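Undergrad: The structure follows.
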2 protein chains.
Amino acid sequence: MSRLPLYSRVLLEMADQSIGTVSSEQLAELAGVNAAKVRKDLSHLGSYGTRGVGYDVAELVAEIARELGLTHDWPVAIVGLGNLGRALANYRGFGARGFRVVALVDADPAKVGETVGDLAIEPIAALDEIVASRNVAIGVIATPAAAAQEVSDRLVAAGVGSILNFAPTVVSVPPEVSLRKVDLATELQILSFYQQHRAEAPA
Amino acid sequence: MSRLPLYSRVLLEMADQSIGTVSSEQLAELAGVNAAKVRKDLSHLGSYGTRGVGYDVAELVAEIARELGLTHDWPVAIVGLGNLGRALANYRGFGARGFRVVALVDADPAKVGETVGDLAIEPIAALDEIVASRNVAIGVIATPAAAAQEVSDRLVAAGVGSILNFAPTVVSVPPEVSLRKVDLATELQILSFYQQHRAEAPA
DNA sequence: GATCCCTTGTGAACAAATGCACGAGCGGCG
DNA sequence: CGCCGCTCGTGCATTTGTTCACAAGGGATC
């Protein structure tokens, strides 16, 4: 389920505060979801709770990390070093747990060679070689919309298994490749939608 | 529905190409969804299609824009001018359609006064006054996780109607305020999840 | 103006996700 | 050692969202 990362984060905070045990009720409260949902989600991982007591925080953190595949590093490549790409490259939380940015790629020859964070920007022609030699598993697309599909195709052809798309356009990938998208414009428009409807029909 | 922004984008591209009319089938293809879903979504806006022909692109664009509240500008304030906040402030697609960044706010006195894009960073103490005088409708939180809830509370207290949260933490808002979140870490972890499970159980 | 083709709009089947409610089982207390 | 209170795990009802299938209806052609 897609709520596991959320639980993971909450549980890590609890572990920092040396909290040893947590009930589904507390976890639900902190994660902003229903308690039954928490229990159902966690029961899919197997049975890690103790009736009458709750869940062991450390054990649950470990179990979720294992389920999410966070026990080993995933090499990440960022394609497109415009505003957003640079911000992502410098973003610390990125590498925080399990994700290591191992390559920055851009199509603009003027940018190639430039250093962002502690990596040099490489040309897109080298993409195949980079993905293969550094075992890149996840490709991040931060290019303009027009380039997104082609970059995606090249990443997939090079053997990337997952793509995170920030470009404001629909990209298609073969079914065996995972795709997630993050779209600022869409998010804003959804907020605008609610705002608009509140204005039209005030409570 | 949350698919309207997607349709809107596809339709705008079509309008650029001087395409006058579109069937639900075509639109579905380009948006990567089911044709029946497109029709059902659009039927919620009222009846704007012509049987046997399809939908008029220009008319549909206008109708969706109206529904989404994109016919007038929404003033946006960005709080937190770290890596991500700066990228957002410089992001052009932001202001592209209906969203105008009217204020940049940061808690760090060292940053106040600095110019990003064409706006000066203002102190967080001025938040109330800024929101009120500039009619800020949407607040964007790009602060560290620890500050997110407090910033959110202040934005809400100041009268903001919608919040877009980029900080990797759960923030709660009163029910009359809309909240969306964008969380890079979560997206990566979801990709990691699929990657992990593909590795465990290869097709 | 009648016929035919095409696409919409929608009712109904289907599927997925959510939430409730309660039985099962563990720990603590007397 | 038995009872009691607490919390997990889960079957079931309900809601929400998706998909199918088809009748209704517009436009073109003759």
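Just so you know, all these numbers are worked out from the coordinates, no wet-lab data involved. From a predicted model like this one, the values you see are computed outputs, not experimental measurements. Cβ atoms come from the backbone with ideal geometry, glycine included; neighbour counts cover every protein chain shown.
Undergrad: Could you give each residue of the range B:139-149 its phi-based ³J(HN,Hα) in whole Hz, using Karplus coefficients 6.51, -1.76, 1.60 with θ = phi - 60°, and x for Gly or Pro?
TA: x, 10, 9, 10, 8, x, 4, 4, 8, 4, 5
Undergrad: May I pose another question? Quickly estimate the mean residue ellipticity at 222 nm for chain B, helices only: each DSSP H run with n ≥ 4 gives -39500 (n - 2.57), and the total goes over all residues, rounded to 500.
TA: For chain B, the value works out to -14000 deg cm²/dmol.
Undergrad: How many percent of all Cα-Cα pairs in the protein assembly as shown sit more than 30 Å apart? Kindly include the intermediate steps, with their values, before the conclusion.
TA: Numbers: 39735 of 82215 pairs.
Counting every Cα pair in the protein assembly as shown, those more than 30 Å apart make up 48 percent.
Undergrad: Starting from a label point 7 Å past Cα on the Cβ side, list the distances from B:G46 to the same position in the other copies, nm, shortest first.
TA: Label point to label point, same position, other copies: 5.8 nm.
Undergrad: Between copies, how far apart are the A:D153 label points? List them in nm, one decimal, shortest first, with each point 7 Å from Cα toward Cβ, please?
TA: 5.3
Undergrad: If you count, for each residue, the other Cβ atoms within 10 Å and average over each peptide, how do A:41-48, A:74-81 line up from highest to lowest?
TA: Values: A:41-48: 13.5, A:74-81: 24.2.
Going by the mean number of other Cβ atoms within 10 Å, highest first, we get A:74-81, A:41-48.
Undergrad: Now for a different question. Taking the Cα-to-Cβ direction at B:M1 and at B:A125 and moving 7 Å from each Cα, how far apart do the two end points lie in nm?
TA: For the pair B:M1/B:A125, the computed spacing is 5.0 nm.
Undergrad: Report, as an integer, the average count of C-beta atoms from other chains found within 10 Å of each Cβ along A:138-150.
TA: Working: counts 5, 1, 4, 0, 1, 0, 2, 3, 0, 0, 0, 0, 0.
Per residue, the number of nearby Cβ atoms from other chains is 1 on average.
Undergrad: In addition: Could you work out how far the C-alpha centroid of the range B:162-176 sits from that of the range B:28-84, in angstrom?
TA: First find each Cα centre; the distance between them is then 24 Å.
Undergrad: Can you tell me, using C-alpha contacts under 8 Å and at least 6 residues apart, the relative contact order of the range A:1-103 as a whole percent?
TA: In percent, rounded to a whole number, it is 25.
Undergrad: Taking amide H positions as placed 1.01 Å from N in the peptide plane, with prolines and chain starts having none, which residues 5 or more places from A:K181, or on another chain, fall under 5 Å of its amide H?
TA: Distant-sequence amide H within range of A:K181: A:N165.
Undergrad: Also, quick follow-up: Which of the lysines could be linked to B:K181 by a straight reach, that is with a Cα gap under 23 Å, when you skip same-chain ones fewer than 8 residues away?
TA: Once the sequence-local lysines are set aside, what remains near B:K181 is A:K37, A:K181.
Undergrad: Return one number: the angle in degrees, 0 to 90 and rounded to the nearest 10, between the long axis of the Cα atoms of helix A:184-200 and the longest principal axis of the Cα atoms of chain A.
TA: Around 60 degrees separate the two axes.
Undergrad: Can you list the GluC sites (Glu not before Pro) in the range A:123-203 that are in a DSSP coil and have 11 or fewer other beta carbons within 10 angstrom? Walk me through the numbers before you get to the answer.
TA: Numbers: sites: A:E129, A:E150, A:E176, A:E187, A:E200; in loops: A:E176.
Listed in order of number, the matching sites are A:E176.
Undergrad: Shifting gears a bit: If each label sits 7 angstrom from Cα along the C-beta direction, how far apart, in nm, is A:E200 from its counterparts in the other copies?
TA: Ordered by distance, the counterparts are at 4.5 nm.
Undergrad: If you don't mind, another one. Beyond 16 Å, how much of the Cα-Cα pair distribution for the range A:1-86 remains, as a whole percent? Present the calculation step by step, with values, prior to reporting the outcome.
TA: Values: 2000 of 3655 pairs.
Looking at the range A:1-86, the distances longer than 16 Å represent 55 percent of pairs.
Undergrad: Relative contact order for chain A: what percent, with Cα pairs under 8 Å and sequence separation of 6 or more? Spell out each step's value before the answer.
TA: On the way: 289 pairs, mean separation 27.2, N = 203.
Result for chain A is 13 percent.
Undergrad: Let me ask something additional. For chain A, take the longest principal axis of its alpha carbons; what is the angle in degrees between that and the long axis of helix A:4-16, to the nearest 10 within 0 to 90?
TA: The helix A:4-16 is inclined about 70 degrees to chain A.
Undergrad: Among DSSP bridges having both ends in chain A, what percentage is antiparallel? Round to the nearest 5.
TA: Details: 6 of 27 bridges.
Restricted to chain A, the bridges split so that about 20 percent are antiparallel.
Undergrad: Could you quickly flag the chain A residue whose beta carbon comes closest to the rotation axis taking A to B, and that distance in whole angstrom?
TA: Closest Cβ on chain A to the axis mapping it onto B, in Å: A:A87, 2.
Undergrad: Per residue of A:178-186, count partner chain C-beta atoms within 10 Å of its C-beta, then hand back the mean as an integer.
TA: Rounded to a whole number, the mean comes out at 6.
Undergrad: With the Cα gyration tensor of the range A:44-162 in hand, give its eigenvalues times 5 under a square root as the equivalent ellipsoid semi-axes, listed largest first in whole angstrom. Provide the component values of the computation, followed by the final result.
TA: Working: eigenvalues 247, 44, 29 Å².
Three semi-axes, in Å: 35, 15, 12.
Undergrad: What list do you get for B:M1, B:M14 if you sort them by fewest beta carbons within 10 Å? Could you put the intermediate results ahead of the total?
TA: Working: B:M1 15, B:M14 20.
If I rank by nearby Cβ atoms, fewest first, I get B:M1, B:M14.
Undergrad: Roughly what % of Cα-Cα distances in the range A:122-203 sit above 17 Å, to the whole percent? Write out the running numbers ahead of the final one.
TA: Details: 1771 of 3321 pairs.
Summing the P(r) of the range A:122-203 above 17 Å gives 53 percent of all pairs.
Undergrad: Could you give the radius of gyration (one decimal) and Dmax (whole number) of the Cα atoms in chain B, in Å?
TA: 20.3, 63
Undergrad: Once you keep just the Cα pairs under 8 angstrom separated by 6 or more residues, what percentage relative contact order results for the range B:84-181?
TA: On the way: 138 pairs, mean separation 19.6, N = 98.
Result for the range B:84-181 is 20 percent.
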